[in-house]
Every structure is written in C-alpha cells, then in structure tokens.
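Engineer: Structure below; questions to follow.
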C-alpha cells in the first residue's frame, strides 16, 4: 500500500482532532480529560520544534553565508529580501484596509453585544497583559528595535526564541567573519556547522513523524477551550473580513509564484502545505520555522544560501497576515467605538504603524494583539476605550491567529522563492526521508 502523503496525514489528524474536541465538549469532564491527557502531546511537539529552531538557524545561516565566498553576494541578497518583505507587508495592510472600509463589519455589532463583551473580557488578565506589554514597547526610543537586535550575551540570546533577531545578528557576524579568515582555518568550524545542519534537519524529519498525532491534540485543545458560541457568531462578519483578506493574500502569493518564479501555484501550495498546517495548529511562526525551512529547501528547491537567511529573518519581520489583521481589527474597533476617528490621515497612520510594528514582533501566539494596541495608540484611540476595544475581538483572536500565521509562513516561502529566482539559486527539489541511511 502506498504511504499516505504527510499533508494528508496532518489533515486527517486535524479533522479528527476537531471532531474529538466537539464530542468532548458535550461530555461531562471531557474538557478536563483533553487538557490533562491530550493537550500534553501537542505541547511536547511544539516544544520539540522550538528546541531545534535556534540550532537550525545558527547552523544553516553560518553554512549559507560561508558558502557564498563573497560578502557582496550576501549584501545583495539581504537588500532584496528586506525590500520584498516591506512591499508585501504594505500590500497586505492595504488589502485589509480596503476590505474593512468597504464591508464595514463594525456596523453589524449591536450595543448589547458590546456590553456583553465588555463584561466578559475588558478585565481579562490576558487583555490587560497585552495592554501592559504594548505600553512598555511604546516607552522605548525610535531606535530601540535596532539596539534590541544586538545581543550582549550570545548564549543568553540562543536560550530564548523571542530573541530570534539577536541570534540572527550574531550568526551573520560569525558567518561573515568565517569569510574573512584563511580558508584552511575556517574549514574546521565550517565543517562542524555543515554537519550540525544535516543532523538538525534529520531531527526535523523525526519530529514530523509525530505531526499527525500532535495536530490532533492541538486542535482538540483549541475546540474545548473555545469561547461562547453566541459571541463567536456575533463576530462572524468581522472574522469573515479577516479571513477573506488572508485568502486574497494567498492568491497574491500564487500570482507571484506563477508569473515571476514560473512554478505552478497548486504545486507550490502542495509542497508547502505541511508547514501551513502546522502553522495553523501551533499559531507560531517560530515553532513552524524548522519545518518551513525543510519544506522550502528540499521540496521547493530553494538553495540553502537563500533559505538560511530569508526564512529566519522572515519569521521575525515578515508578518503579512498579522499586519492585515491589524488593519482590519483597528478599523473594526473604531467603527464600533470611535467612528469619528475614521479619517484618511488615521488610515495612513495605520499603514505606517502596522508596518513598523511588524518588524521585530515576536513570532509567537498573541503577539498580533500587542501590535494592535500600538497601532490604535498611534491614531489617537481613546485610552479609556482600549480594554473594551480589545474585548471586542478577543473571543475570535485565537482562531484568527491560527489563520494569519499560515499567511505569515506562506509569505516567507514565497519571498524565498522570489529571491532565489532572482539570484539564480532556485533548483530542483531534493526531498529527504528520515530513514534514507537507516539500513547503511
């Protein structure tokens, strides 16, 4: 019997997880059973992915830079990557603003729903934590994000996945330094990172063997933790606008892949689908990064020199899905609570602020809401209404977070293919299996 493709295995796991979660919500003690006995399986899987994220970035980035042989090639790739990421993010924000202004989902929210959401969520600890975190970020200077990129302790930076930019900074410095010393002296260290890179990629293959069971656990946990169905229904129009915008971004990526890269969009989506499904299940670009790198390099044919730089940077600064969500969420909240603020200048401010807030945003669940607070503050949204505004969208934030994370990693994969094509670094796929050398 032919082995079922990985993306189908993951999809089956997701569907069964949703069905199992729904059944457990209707059984007394079912939610507790899922949280005590099923959720740990998903948590272990996510931890394992995060475990290898930093070693994979360090090993692949050092190898990629040292293989370039010429620093000017790295500079060329870096400039192209940043420019393309900025352009796609601006496009995403613009799509979000266009849709929310045309469809006006805020007009469908009654005062009764606003009151109910306010009572349930405005004092929620998670909402207050997001506001507090955004307050800390607003107090920093305009160049603080650059200061935060430079680690004062490389080992400490590697111990925290939220410090991904610091890890990338150190690793780039290490890779460039390898290019500047004698080749025979650089070779032992380069060989070490080459070997480490192969080992970590093999670990990714092994972890992915458990992916169908892990997404089953993750989706079942999401279902039993879901909010009041009546509130979710009231916010369906707002959520629909966000999902429509995200779907349009997928179409945009497919057009780029077809016209510039010259590849079939369906083929592209099929090859990247395991990473997309994991992004949906985990809501974390950082956790999905090892799988994204493996799929883009081995299944899309992008050279390691490109994937090792473009994808880790993208996981940190390229938040197309999150930026689109911020545009829709900010205007939606203003439509309900502060309609007089919906002027053209404020919408231009949303584009600029959402773009800047996306740079350096943590690639973890919930970071988008922190960025949203910063965006709302930039347009002068009344601070006393801020907890109510976040309460408006809090109930559907997790499912939308799952969707926008899919767009974030799809955008990363698309840009890596564009950069690789422009540099002549796009080759034929060369997929590897976990047991390639098992019998040797």
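Engineer: Residue under question is residue 79, and the condition is that it be surrounded by fewer than 16 Cβ atoms within 10 Å (Cβ to Cβ) and within 22 Å of residue 414 (Cα to Cα); does it hold?
Structural biologist: yes
Engineer: Let me ask something additional. How many residues are surrounded by fewer than 11 Cβ atoms within 10 Å (Cβ to Cβ) and assigned to a helix (DSSP H, G or I) when one looks only at the range 152-181?
Structural biologist: 2
Engineer: While we're here: From the list 330, 279, 286, exactly one residue is without any contact (Cβ under 8 Å) to a residue 60 or more places away in the chain and under 25 Å from residue 356 (Cβ atoms). Which is it?
Structural biologist: That would be 330, the only listed residue that is without any contact (Cβ under 8 Å) to a residue 60 or more places away in the chain and under 25 Å from residue 356 (Cβ atoms).
Engineer: Every residue in the range 249-266 that is farther than 23 Å from residue 323 by Cβ, free of Cβ contacts under 8 Å to residues at least 24 places away in the same chain and surrounded by 14 or more Cβ atoms within 10 Å (Cβ to Cβ), please.
Structural biologist: The one that is farther than 23 Å from residue 323 by Cβ, free of Cβ contacts under 8 Å to residues at least 24 places away in the same chain and surrounded by 14 or more Cβ atoms within 10 Å (Cβ to Cβ): 258.
Engineer: Search the range 1-24 for residues that are on the phi > 0 side of the Ramachandran plot and buried (at least 19 other Cβ atoms within 10 Å of the Cβ) and pair each with any residue that is assigned to a loop (DSSP other than H, G, I, E, B) and at pLDDT 95 or above when their beta-carbon atoms are under 7 Å apart and the residues are at least 6 apart or on different chains.
Structural biologist: From the range 1-24, no pairs qualify.
Engineer: Have a look at 188, 212 and point out the one that is in a helix (DSSP H, G or I) and touching a residue at least 60 places away in the same chain (Cβ under 8 Å).
Structural biologist: After ruling out the rest, the residue left standing is 212.
Engineer: Out of 406, 328, 313, I need the residue that is touching a helix residue (DSSP H, G or I) at 6+ places or on another chain (Cβ under 9 Å), over 28 Å from residue 267 (Cβ atoms) and assigned to a helix (DSSP H, G or I). Which one?
Structural biologist: Sole residue among the options that is touching a helix residue (DSSP H, G or I) at 6+ places or on another chain (Cβ under 9 Å), over 28 Å from residue 267 (Cβ atoms) and assigned to a helix (DSSP H, G or I): 328.
Engineer: Going through 367, 363 one at a time, which residue ends up being surrounded by 22 or more Cβ atoms within 10 Å (Cβ to Cβ), more than 28 Å from residue 339 (Cα to Cα) and at pLDDT below 85?
Structural biologist: Residue meeting the stated conditions: 363.
Conditions (1) closer than 25 Å to residue 219 by Cβ; (2) part of a helix (DSSP H, G or I); (3) within 12 Å of the chain's Cα centre (by Cα), marked per residue:
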site	(1), (2), (3)
321	yes, yes, yes
346	no, yes, no
349	no, yes, no
381	no, no, no
389	no, yes, no
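Engineer: Taking the residues in the range 100-115 that are under 30 Å from the mean Cα position of the chain (by Cα) and over 23 Å from residue 351 (Cβ atoms) as candidates, determine which candidate is modelled with the lowest pLDDT.
Structural biologist: The selected residue is 108.
Engineer: Using the structure shown, decide if residue 281 is part of a helix (DSSP H, G or I) and buried (at least 23 other Cβ atoms within 10 Å of the Cβ).
Structural biologist: Criteria met by residue 281.
Engineer: Report those helices (runs of 4 or more DSSP H) wholly inside the range 38-151 carrying at least 1 residues which are without any contact (Cβ under 8 Å) to a residue 60 or more places away in the chain and closer than 30 Å to residue 376 by Cβ.
Structural biologist: Because the criterion is at least 1 residues that are without any contact (Cβ under 8 Å) to a residue 60 or more places away in the chain and closer than 30 Å to residue 376 by Cβ, the helices (runs of 4 or more DSSP H) in the range 38-151 that meet it are 71-103, 111-121, 125-138, 144-149.
The values are calculated or read from the model by the stated rules, or taken from the named source; none is laboratory data. Only a predicted model underlies this, so the values are computations on that prediction, with no experimental measurement involved. Reconstructed Cβ throughout: ideal geometry from the backbone, glycine too, with neighbour counts over all protein chains shown.
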